[in-house]
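Below is one structure, written out as structure tokens, with a few remarks after it.
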Amino acid sequence: MTYIHKLVDVPVLGNLPVQYIISEGKKDVEPVPKHWHAALEVNCVLRGQASVYMAGQTYLMQAGDALAINSFAVHAGQILCHAEADYRIITFLYPIERLYALIPNYNALVVSLAPSDERTPAQQSAYHQLYQAFDLFYQLEQGEPPFFRIDQQALCYQILYLLFKNFSARRAPDTQYIPNRCSHPQLYEVVDYILKHYMEPLHRDQIAKACGYSTRHLANRFKATYQLSLMQYVTRIRALKAMQLLQTTEQPLSWIAAKVGFSYPYALTKAFKHAFGLTPTEYRRLKLRRN
């Protein structure tokens, strides 16, 4: 069975260490189909209900509940709407490269938020702090008080600290990161390698050798899984990283291109236009107008 792989391209704001989504309202929303991504996802329901499928199980989340979805885990979700009842859900996506920078052995760990009847007193306290942190993050987003991005940044790291200090454990050596691995149990290593080295000169033979594959075998597997060639995927990752830099720096395109692995600015412009429908310069102008 093949699952959708999502390249996480939610805008990064205010140099926050996460990409975040705030879902709220009363109207029905389309369910999110089964998919996976490299980011660590953390969801918190502040109001309403949601149904989340993960690791073969369906979880009903109520107001006050949080759920962590580990990197590469297949999952799906749906907000449960009721007449005259609104919902408010926050989703944090911690990019995997940021996690590796903070937690060098991240690949060996798994995060699991135990059910309330299985938590220790320390975990129960930490769980409550998680909810408070998400709620405060939302309040800051709405009010935008002075220096609120600094406060939000601290909350992002606090949530990550609470998760790994209280709810992480070593991953079993034979645990497969992606269920069914789209028919290949080690393909995540290729994604991991690209995310760590996208800013360097990369070619198919190098990636295949580093990950223990023949070039042809890897190329075929990768294309079947992602509907992108290996180097198209590398280019898309670089374009996404360039987008993040365009949001957080005023450096020229030549600097950004070199920073994310493009050999010259034209290659960045071409890849960015293909991925997002506008050039980096157009995107930067649009961002300035919105600000």
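If you check every pair at least six apart or on different chains, which have Cβ atoms under 8 Å apart with a residue in segment 218-246 that is modelled with pLDDT of 90 or more first and a residue that is of a type in the set (S, T, N, Q) second?
Ala219/Ser229
When segment 83-110 is examined, which residues are found to be touching a helix residue (DSSP H, G or I) at 6+ places or on another chain (Cβ under 9 Å), modelled with pLDDT of 80 or more and either of a type in the set (Val, Ile, Thr) or not in a helix (DSSP H, G or I) (or both)?
Listed by number, the residues that qualify are Arg88, Ile90, Phe92, Tyr94, Pro95, Ile103, Leu109.
So Glu189 passes all but one of these: (1) under 21 Å from Ala73 (Cα atoms); (2) surrounded by fewer than 20 Cβ atoms within 10 Å (Cβ to Cβ); (3) of a type outside the set (Lys, Arg); (4) modelled with pLDDT of 90 or more. Which condition number does it fail?
Result: Glu189 fails condition (4) only.
Of the numbered conditions (1) at pLDDT 90 or above; (2) surrounded by fewer than 20 Cβ atoms within 10 Å (Cβ to Cβ), Lys196 satisfies every one except a single condition; which is it?
So the condition that Lys196 fails would be (1).
Residues that are at pLDDT below 90 and either buried (at least 17 other Cβ atoms within 10 Å of the Cβ) or part of a loop (DSSP other than H, G, I, E, B) (or both): does segment 256-264 have at least one?
Checking segment 256-264: not a single residue is at pLDDT below 90 and either buried (at least 17 other Cβ atoms within 10 Å of the Cβ) or part of a loop (DSSP other than H, G, I, E, B) (or both).
Any residue at all in segment 248-255 that is modelled with pLDDT under 90 and assigned to a helix (DSSP H, G or I)?
Checked against the condition, which is being modelled with pLDDT under 90 and assigned to a helix (DSSP H, G or I), segment 248-255 yields at least one hit.
Test of understanding: among Ser71, Ser116, which residue is free of Cβ contacts under 8 Å to residues at least 40 places away in the same chain, hydroxyl-bearing (Ser, Thr, Tyr) and in the same structural domain as Trp36 (by TED's automatic domain parsing)? Before you say what the answer is, go through the steps one by one.
On the way: Ser71 fails: free of Cβ contacts under 8 Å to residues at least 40 places away in the same chain.
Every option except Ser116 fails the conditions.
The conditions are (1) touching a helix residue (DSSP H, G or I) at 6+ places or on another chain (Cβ under 8 Å); (2) at positive phi; (3) of a type in the set (S, T, N, Q), and Gln227 fails exactly one of them. Which is it?
(1)
Could we say that Ala55 is at positive phi and assigned by TED's automatic domain parsing to the domain that holds Val111 here?
Yes.
Only one of these conditions is not met by Asp192: (1) charged (D, E, K, R); (2) under 21 Å from the mean Cα position of the chain (by Cα); (3) more than 28 Å from Pro17 (Cα to Cα). Which number is it?
Looking at each condition in turn, Asp192 falls short on (3).
What pairs come out if I take residues in segment 259-277 that are basic (Lys, Arg) and pair them with residues that are not in a helix (DSSP H, G or I) whose C-beta lies under 6 Å away, six or more apart or interchain?
The qualifying pairs are Lys273/Thr279.
Let's see how each residue does on (1) in contact with a Ser or Thr (Cβ under 9 Å, 6 or more places away or on another chain); (2) at pLDDT 85 or above:
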residue: Ser23; (1), (2): yes, yes
residue: Val42; (1), (2): yes, yes
residue: Val45; (1), (2): no, yes
residue: Cys81; (1), (2): no, no
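Specify which of the listed residues (Leu136, Leu130, Leu99, Leu80) is aliphatic (A, V, I, L, M), under 29 Å from Asn15 (Cβ atoms), touching a Phe, Trp or Tyr at 6+ places or on another chain (Cβ under 8 Å) and in the same structural domain as Glu24 (by TED's automatic domain parsing).
Checking each option against the conditions leaves just Leu99.
Taking segment 60-75, which residues are at pLDDT below 90 and assigned to a strand (DSSP E or B)?
Scanning segment 60-75 gives a single hit, His75.
Determine which single condition His184 fails, assuming it passes every other condition in (1) surrounded by 16 or more Cβ atoms within 10 Å (Cβ to Cβ); (2) at pLDDT 85 or above.
(2)
What number goes with the only condition from (1) closer than 30 Å to Ile194 by Cα; (2) at pLDDT 90 or above; (3) in contact with a helix residue (DSSP H, G or I) (Cβ under 7 Å, 6 or more places away or on another chain) that Phe137 does not pass?
Condition (1) is where Phe137 drops out.
Counting just the residues of segment 111-153 that are at negative phi, in a loop (DSSP other than H, G, I, E, B) and out of contact with any strand residue (DSSP E or B) (no Cβ under 6 Å at 6 or more places or on another chain), which one comes out surrounded by the fewest Cβ atoms within 10 Å (Cβ to Cβ)?
Going through the qualifying residues, I end up with Pro146.
The values are calculated or read from the model by the stated rules, or taken from the named source; none is laboratory data. Only a predicted model underlies this, so the values are computations on that prediction, with no experimental measurement involved. Every residue, glycine among them, receives a Cβ derived from its backbone with ideal geometry; neighbour counts consider all protein chains shown.
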